[in-house]
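Q: Dropping a structure here in structure tokens format, bear with me for questions.
The values are calculated or read from the model by the stated rules, or taken from the named source; none is laboratory data. These numbers come from a predicted model, not from an experiment. Cβ: placed from backbone, ideal geometry, glycine included. Neighbour counts: every protein chain shown.
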Amino acid sequence: MKENHEIAKKGNSSCEFKYELSGAGWAHLYMRINESEFFIHVSYAADSIEDIMLALYCLIPCEKLGDEDYFLPKKVNKTLEGYEVFIDAEKGGEYYLYFNTSVREKDRLKVIVKSESGRIVINETCSLNDFTYAVVKACDEMLKAYGLLGYSRTYLDCTDCHFDAPVFLVLKAYCLHVEGYGCTSDEKGIFKKSDYEKELAILAMEM
């Protein structure tokens, strides 16, 4: 297994993403793309960070875990151009986050954030890889601060939401250019197997 931190960290500063727990069932979500900023106090009523990760997982060119229609939850809607994520701030209102990609432009991502009333907060284009890296880095920092169990008990304990560890692993391996990570199959193609030691190593890697 190889990883290249230099390549992973290379890029511009056009994307910034932060996700920090602020209490039981609450978190601060902040993003900046170019000069446009968006901040919201999200609640467990929307599985925002998990849905954002899943939308990016569907967009990046990586080995998929299975049929995306099976993995996509109800709050991530597939559109003709990309994916729509629902964000609920309860008293702060509802927002919709759109990820659109262009077939003609590889590694380009259009990010649109709209309020429930249709007001456009962000309408920017950036690097898909840079934005994915920023999101995964924020999740990585959150997990290293609280742990998988600690995060679940703090933010998700009273809901059916969950932190999708397999999707996070695939995204982090992609961002860090890890080679040789994935699943193998038995001769009949029935059972899948991944390397647990590699997975632990990926989780421990610094971004």
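Q: Anything in the stretch 33-63 that is at pLDDT below 85 and exposed (fewer than 13 other Cβ atoms within 10 Å of the Cβ)? List them, or say none.
A: Pro61, Glu63
Q: If you go through the stretch 181-194 one residue at a time, do you hit one that is under 19 Å from Tyr19 (Cα atoms) and buried (at least 17 other Cβ atoms within 10 Å of the Cβ)?
A: no
Q: I need a count of the residues in the stretch 171-180 that are surrounded by 13 or more Cβ atoms within 10 Å (Cβ to Cβ) and either among the acidic types (Asp, Glu) or closer than 18 Å to Glu141 by Cβ (or both).
A: Total satisfying the criteria: 6.
Q: Just to confirm my filter: which helices (runs of 4 or more DSSP H) fall fully inside the stretch 93-177 and include at least 1 residues that are farther than 21 Å from Val76 by Cβ and either modelled with pLDDT under 90 or of a type in the set (Asp, Glu) (or both)?
A: Answer list for the stretch 93-177: 128-146, 148-151.
Q: Across the stretch 180-201, what is the number of residues that are in contact (Cβ under 8 Å) with a residue 12 or more places away in the chain and in a strand (DSSP E or B)?
A: Residues meeting the conditions: 2.
Q: Scan the stretch 32-60 for residues that are β-branched (Val, Ile, Thr) and more than 8 Å from the chain's Cα centre (by Cα) and report the count.
A: Here is the first cut: in the stretch 32-60, the residues β-branched (Val, Ile, Thr) are 33, 40, 42, 49, 52, 60.
This time we only want the ones that are more than 8 Å from the chain's Cα centre (by Cα), so: 33, 40, 42, 60.
Matching residues across the stretch 32-60 total 4.
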